[in-house]
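Novice: Sharing a structure below in structure tokens format, with a few things to ask.
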Amino acid sequence: MTGRLEGKVAIITGAGCVGPGWGNGRAAAVLFAREGARVLAVDKNSDSMDETLERARAEGGTIVPFACDVTDTAQVAAMVAACRDAFGRVDILVNNVGGSAPGGPVELSEEQWERQIDFNLGSVFLACKHVLPVMEAQGGGAIVNTASTSGIRWTGAAQVGYASAKAGVIQFSRVTAVQYAKRNIRVNTVVPGQMHTPMVEARLAGQRAGGDVDALLKTRLARIPLGFMGDGRDTAAAALFLASDEARFVTGTEIVVDGGMSARCD
Ligand SMILES: NC(=O)c1ccc[n+]([C@@H]2O[C@H](COP(=O)([O-])OP(=O)(O)OC[C@H]3O[C@@H](n4cnc5c(N)ncnc54)[C@H](O)[C@@H]3O)[C@@H](O)[C@H]2O)c1
């Protein structure tokens, strides 16, 4: 299918990736461009966006990079201004920046706890703070936030800062959805499960399995009823639906993309 976002302008944060392949933000940026959106691809690490830009442009998409730390309010304001300068408007915001740090309340330092909340939830707050007035002035828009099954379930490791922040993303989205519904702005959340994105090799295996990627993948796979691991393209497909006009009657809710993992209890 093509043209599902024809005429729309989208900001996608975390549009790079920690390695080659399909991270969630990269996949969304490429898919949204393929579906006709003009995309401002945002990441604090410009180099990480090279592959994103290449893939999107190879498909004839319109995509412009913007370097920005989305935990900094001045930089987020500049991001929104850059999108309006480049494309004149903002119809879609995908908040995808985030990541986990291991540890429970005792293991995490106060600084790590604050960083996890700021990184995963504060970044969503800041982007919404700066984008909502623009969408309201335009007469509408769609926001898709990225949570995690760690925000709704125990998922195999204590990562209490991450889990708490991602739970916060879900409720932040619901409350904002109701507040802005009459202003024609929809707010929804994608809840990815244990995806096989490059982040697994780059970071998680070191944290959880002493660098043994195969062991970690095996453990993650064993939890998934469908029997295979999704990647960033599966997360992006759900985000595309929520961002598009096909979801015009969908707000304040979540799509869980986890191969059935969170539905099981055994
Ligand atoms: N991969 C998974 O299994 C999984 C599962 C559930 C949820 N998620 C969530 O999906 C999102 C993306 O995950 P991923 O695995 O694709 O991640 P990733 O780490 O590969 O990509 C995230 C990108 O965000 C960028 N970034 C980091 N901090 C930033 C900041 N302050 N400002 C701007 N850019 C910043 C990084 O440079 C990177 O390119 C995260 O919110 C993550 O919590 C991932």
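Novice: Could you compute how fast the range 89-175 diffuses translationally, taking Rh as the Kirkwood radius over C-alpha pairs and applying Stokes-Einstein at 10 °C with viscosity 1.306 mPa s? Give it in µm² per second.
Specialist: It comes out at roughly 117 µm²/s.
Novice: Going by average Cβ density within 10 Å per residue, which order do the peptides 226-236, 85-95, 140-150 take, highest to lowest? Don't skip to the answer; put the middle values down first.
Specialist: On the way: 226-236: 19.2, 85-95: 21.4, 140-150: 25.1.
Descending mean neighbour count gives 140-150, 85-95, 226-236.
Novice: Here's another thing I want to ask about it. Roughly what angle does helix 24-34 make with the longest principal axis of the chain, taking Cα atoms, 0 to 90 degrees, to the nearest 10?
Specialist: 30 degrees
Novice: Looking at the range 149-266 from every direction and averaging, what is the projected area of its Cα convex hull in nm²?
Specialist: Quarter of the Cα hull surface area: 7.9 nm².
Novice: While we're here: Compute the semi-axes of the equivalent ellipsoid of the range 15-168, taking the square root of 5 times each eigenvalue of the Cα gyration tensor, and list them largest first in whole Å.
Specialist: The answer is 28, 18, 14 Å, longest axis first.
Novice: Please work out the C-alpha center-to-center distance from the range 183-256 to the range 148-180 and express it in whole Å.
Specialist: When both Cα centres are located, 13 Å separates them.
Novice: Quick check for you: with a 1.4 Å probe and neighbouring chains kept, what is the accessible area per residue of the range 176-266, in Å²?
Specialist: Ligands and nucleic acids excluded, the result is 50 Å² per residue.
Novice: Enumerate the amide H contacts of Asn145 below 5 Å, restricted to partners 5 or more residues apart or on another chain; note that Pro and chain-start residues carry no placed amide H.
Specialist: Under 5 Å from the amide H of Asn145: Asn95, Asn188, Thr189, Val190.
Novice: Now for a separate question. Could you list log10 I(q)/I(0) for the range 142-181 at q = 0.17, 0.18, 0.23, 0.29 Å⁻¹, which the Debye formula gives when each Cα is one point scatterer?
Specialist: Cα-only, vacuum Debye calculation for the range 142-181: -0.45, -0.50, -0.69, -0.92.
Novice: What aspartates and glutamates does Lys182 reach when the alpha-carbon gap must be under 19 Å and sequence neighbours fewer than 8 apart in one chain are set aside?
Specialist: Asp91, Glu136, Asp245, Glu246
Novice: Cα centroids of the range 78-94 and the range 121-143: how far apart, whole angstrom?
Specialist: So the two Cα centres are separated by 10 Å.
Novice: To continue, here is another question. How many Å³ per residue does the convex hull of the Cα positions in the chain occupy? Write down the numbers at each step before the final one.
Specialist: Details: hull volume 32.7 nm³, N = 266.
Output value, Cα hull per residue: 123 Å³.
Novice: Give me the lysines in straight-line cross-link reach of Lys44: C-alpha distance below 26 Å, same-chain residues under 8 apart excluded.
Specialist: Lys8, Lys129, Lys166
Novice: Please list Asp245, Asp69, Asp258 in order of solvent-accessible area, largest first, computed with a 1.4 Å probe with all protein chains present.
Specialist: Asp245, Asp69, Asp258
Novice: So, one more: In the neighborhood of Val187, defined by Cβ-to-Cβ distances under 14 Å, what is the net charge if each Lys or Arg adds +1 and each Asp or Glu adds -1?
Specialist: +3
Novice: By how many nm would the segment from Val250 to Ala215 grow when fully extended, if each residue of separation counts as 0.36 nm and the alpha-carbon distance is taken off?
Specialist: 8.7 nm
Novice: Another one. What's the whole-number percent of alpha carbon pairs in the range 166-206 lying beyond 11 angstrom? Could you put the intermediate results ahead of the total?
Specialist: On the way: 567 of 820 pairs.
So the portion of pairs separated by more than 11 Å is 69 percent.
Novice: In addition: Provide Lys8, Lys166 ordered by accessible surface of protein heavy atoms (probe 1.4 Å), highest first. Intermediate values should be presented prior to the final figure.
Specialist: Working: Lys8 45, Lys166 5 Å².
Descending order: Lys8, Lys166.
Novice: Excluding Gly61 itself, what net charge comes from residues whose Cβ is under 14 Å from its Cβ, given Lys and Arg +1 and Asp and Glu -1?
Specialist: Every neighbour counted, the sum reads +2.
The values are calculated or read from the model by the stated rules, or taken from the named source; none is laboratory data. All values reported here derive from a predicted model rather than from experimental measurement. Glycine gets a Cβ as well: all are built from the backbone with ideal geometry, and neighbour counts include every protein chain shown. To get the accessible areas, we keep the full protein, side chains included, count just its heavy atoms, and leave off ligands, DNA and RNA. Shrake-Rupley method; radii C 1.70, N 1.55, O 1.52, S 1.80 Å.
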